[in-house]
Each structure stands twice: as C-alpha cells, then as structure tokens.
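Trainee: Below: one structure in structure tokens.
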Amino acid sequence: MEVKTRKFSFQHLNSKKFSSIDSKESQESFLKWSMKGRICAQMYSFDQSFQAYEKDSFVMDFLTDPNVHQTLKVVSSGGGWSTLGVNATSVKAEIVPCTVLSMSFFDRIHNDGVVRESGAIQKCFDEFYEDMVVSDELRKMLLIDDSDHFCLYSDTEREELLFCIFKHICLGGKLCQFEDNVEPYLDITKNIYKDLISVQKNSETKELNIISHVFKISAKHEDTQIYPADTDHEQSFAYLVVDPFKRHISVFYHSYGNGVFE
C-alpha cells in the first residue's frame with residue numbers, strides 16, 4: 001500500500017492563551033451555559049505556504065500529524081479532556097465565510113422583536129428543536145426556519161463565522177442556564193471572534209481586511225466518526241482558522257454534553 005507523503009507539519013504552540021475562552025470571567029459564563037470543560041481553543045504553527053484550494057489535504061495532514069495526535073484536545077466518552085490519539089482516514093472541510101468586521105451585524109435583532117432595546121431577550125412559548133428546548137425568540141430565530149424572525153439573516157449571512165460563534169454561544173450545552181439579556185452572548189462572541197481572526201490594513205485604502213481562511217472540520221477513522229465528537233450535533237464543532245502569513249492555525253472546539261459543575 002502506498003504511504004501518502006504529508007506536505008504540512010504542525011507544532012502545538014502551548015504557550016498561546018485565548019483570553020476570550022480561558023479567562024476567569026469567560027469560564028464562569030461557560031459554567032452557567034454548560035460548556036465549561038467541553039470548549040477550548042488551541043494554536044498550532046505549520047511549515048509550508050498554504051493556499052485555500054489545498055484545504056482537504058491540509059486538514060488531512062493536520063489530523064494525521066503525530067504532534068497533533070498528542071496535543072489536540074477532545075472530550076472523551078467519560079466527559080474529561082483527552083487527545084485525538086488516532087489517525088483520521090477521511091476528513092470533511094467546509095469553507096466558512098469570514099468577512100464581517102463589525103458587531104453592528106447584530107443590530108437588527110434589536111429592531112424586530114427578538115431583543116428589546118434594553119437587551120432583554122423576548123420570551124415565547126416552548127418549542128422543541130431536536131433535543132433542545134426553545135423558549136425565547138432569539139433561539140427561535142437561530143434554529144427554527146419558520147420563525148417570524150428567521151429571515152432577519154440570509155442563508156449566506158448565517159454561514160459567516162461571526163454568526164456561527166454567536167449561535168453556538170447562545171445555544172450552549174446540554175444543561176444550559178440561558179441568559180435573560182443578550183449582552184453576555186454578544187460580549188463573548190466579539191472576544192472569541194477577535195481572538196480567532198487575523199486582519200490586515202490595506203496600505204492604499206487604509207481599510208481592514210480579514211486574511212484568515214476558516215474551515216469547519218470533521219473526521220472519521222474508517223466508518224467511525226472521531227472528530228469533533230463521535231456523533232453529530234448542532235453544538236459539537238471544530239473550526240480551523242488559518243493565518244496564511246504567520247502560518248498559524250487556531251482551533252476552536254466544543255463537544256455537546258453536560259459541562260462541568262465547578
């Protein structure tokens with residue numbers, strides 16, 4: 001059997017901290033939202049120039065790299081942190097658009113009965129989406145396509161990384177205690193987004209441009225899903241945010257389940 005040669009090699013940058021996730025304040029929020037002990041961000045460096053068309057081989061090289069096996073954090077079946085530890089035999093890498101530069105992207109939720117001017121989230125009668133209870137207009141807008149407010153964001157806008165982060169944060173983990181006010185969700189979304197993406201100023205126009213490439217990834221070992229979790233769920237995810245100039249990858253990860261309680 002021919003052994004494929006990997007183009008890319010990776011090193012874990014263990015000293016890199018993501019304050020948006022690791023800070024005491026953020027961890028307290030994740031505790032409340034049942035995400036603590038199941039959400040993390042890690043940074044890796046890589047050694048060759050990267051082009052977006054290489055995404056599939058890049059992700060395969062990443063998930064078969066020995067350094068990644070030993071360091072890439074996953075939530076084990078027992079609920080604690082472990083590492084990937086097994087080779088992917090197939091990967092899926094979906095391009096995630098990343099163009100939004102301002103949190104004004106979310107202003108419209110204040111203008112259409114989802115969130116009041118004070119930031120208070122409008123309640124509604126309970127509905128169910130898969131195994132999640134939807135009890136306010138914000139989560140209804142995020143999840144239920146026949147919601148009165150679903151059309152606030154187009155399908156293209158819903159694919160944006162900023163929207164994805166906001167949605168994941170609002171939905172939380174299995175035993176999430178939901179906020180009554182939208183501001184904590186917006187604050188942590190903004191901080192995570194700023195931690196993950198890289199921007200560059202155009203020397204002529206002076207405008208900021210996002211230079212990151214973003215991929216939502218999953219992997220199987222033969223017929224068994226191994227990453228980001230062993231079963232699919234709206235709230236189990238892994239995003240690779242690639243800075244092609246610094247040759248850095250930020251991995252933003254969460255596995256849906258019961259968060260730790262302290």
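The values are calculated or read from the model by the stated rules, or taken from the named source; none is laboratory data. Because the structure is predicted, anything quoted here is derived from the model rather than measured. Quick reminder, even Gly has a Cβ in these numbers, built from the backbone with ideal geometry, and neighbours come from all protein chains shown. Note: areas computed on protein heavy atoms with side chains; ligands, DNA, RNA excluded. Shrake-Rupley method; radii C 1.70, N 1.55, O 1.52, S 1.80 Å.
Trainee: P(r) for region 35-134: what percent of alpha-carbon pairs falls in each 5 Å bin, starting at zero?
Mentor: Computed distribution, short to long bins: 2, 9, 11, 12, 15, 14, 12, 11, 10, 4, 0.
Trainee: Considering the alpha-carbon set of region 150-262 alone, what are its Rg and its Dmax in angstrom?
Mentor: 16.3, 51
Trainee: Hey, another quick one. Going toward the positive end of the dipole of the chain, with +1 on Lys and Arg Cβ and -1 on Asp and Glu Cβ, which of Trp33, Ile121, Phe18 do you reach last?
Mentor: Phe18
Trainee: Would you mind telling me which residue in Glu160, Glu28, Glu204 has the biggest mean-square fluctuation in a Gaussian network model of the chain, where springs connect alpha carbons within a distance under 10 angstrom?
Mentor: Residue with maximal mean-square fluctuation among Glu160, Glu28, Glu204: Glu204.
Trainee: Then there is this: When the Karplus curve 6.51 cos²θ - 1.76 cosθ + 1.60 is applied with θ = phi - 60°, which whole-Hz ³J(HN,Hα) does each residue of region 217-230 get, with x for Gly and Pro?
Mentor: Using θ = phi - 60°, the values come out as 10, 8, 8, 10, 10, 6, 9, 9, 6, 10, 7, x, 8, 7 Hz.
Trainee: Something else: Of all accessible surface on the chain at a 1.4 Å probe, what whole percent is carbon and sulfur?
Mentor: Details: 6200 of 13290 Å².
Its accessible area is 47 percent carbon and sulfur atoms.
Trainee: Taking only protein heavy atoms and a 1.4 Å probe, what accessible area per residue, in Å², does the chain have with all protein chains in place?
Mentor: It amounts to 51 Å² per residue over the chain.
Trainee: Expressed in whole Å with the largest first, what are the equivalent ellipsoid semi-axes of region 100-169 derived from the C-alpha gyration tensor as the square root of 5 times each eigenvalue?
Mentor: Details: eigenvalues 71, 47, 22 Å².
The three semi-axes for region 100-169 are 19, 15, 11 Å.
Trainee: Using the Kirkwood radius built from alpha carbon pairs, what does the Stokes-Einstein equation give as D for region 1-85 at 37 °C and 0.692 mPa s, in µm² per second? Before the final figure, lay out the partial values.
Mentor: Working: Rh = 14.8 Å.
For these conditions, the coefficient is 221 µm²/s.
Trainee: Okay, moving on. Over all distinct Cα pairs, what is the inverse of the mean 1/r for the chain, reported as the Kirkwood hydrodynamic radius in Å?
Mentor: On the way: mean 1/r = 0.0516 Å⁻¹.
Hydrodynamic radius (Kirkwood, Cα only) of the chain equals 19.4 Å.
Trainee: Considering only Cα-Cα distances, which of the following residue pairs are longer than 28 Å: Lys190/Lys216; Lys16/Lys140; Lys16/Lys216; Lys55/Lys206; Lys140/Lys220?
Mentor: Details: Lys190/Lys216 19 Å; Lys16/Lys140 36 Å; Lys16/Lys216 21 Å; Lys55/Lys206 30 Å; Lys140/Lys220 32 Å.
Result: Lys16/Lys140; Lys55/Lys206; Lys140/Lys220 exceed 28 Å.
Trainee: DSSP loop (so not H, G, I, E, B), at most 10 other Cβ within 10 Å: list which GluC sites (Glu not before Pro) in region 101-147 pass both filters. Before the final figure, lay out each step's value.
Mentor: On the way: sites: Glu117, Glu127, Glu130, Glu137; in loops: Glu117, Glu130.
Answer in residue order: Glu117, Glu130.
Trainee: Okay, moving on. What residue among Glu183, Glu222, Glu157 shows peak mean-square fluctuation when the chain is described by a Gaussian network model with Cα springs under 10 Å?
Mentor: Glu222
Trainee: To the nearest 20 debye, what is the magnitude of the charge dipole of the chain about its Cα centre, counting +1 on the Cβ of each Lys and Arg and -1 on the Cβ of each Asp and Glu? Please list the in-between numbers first.
Mentor: On the way: 28 positive and 40 negative charges, 229 e Å.
Charge dipole of the chain: 1100 debye, to the nearest 20.
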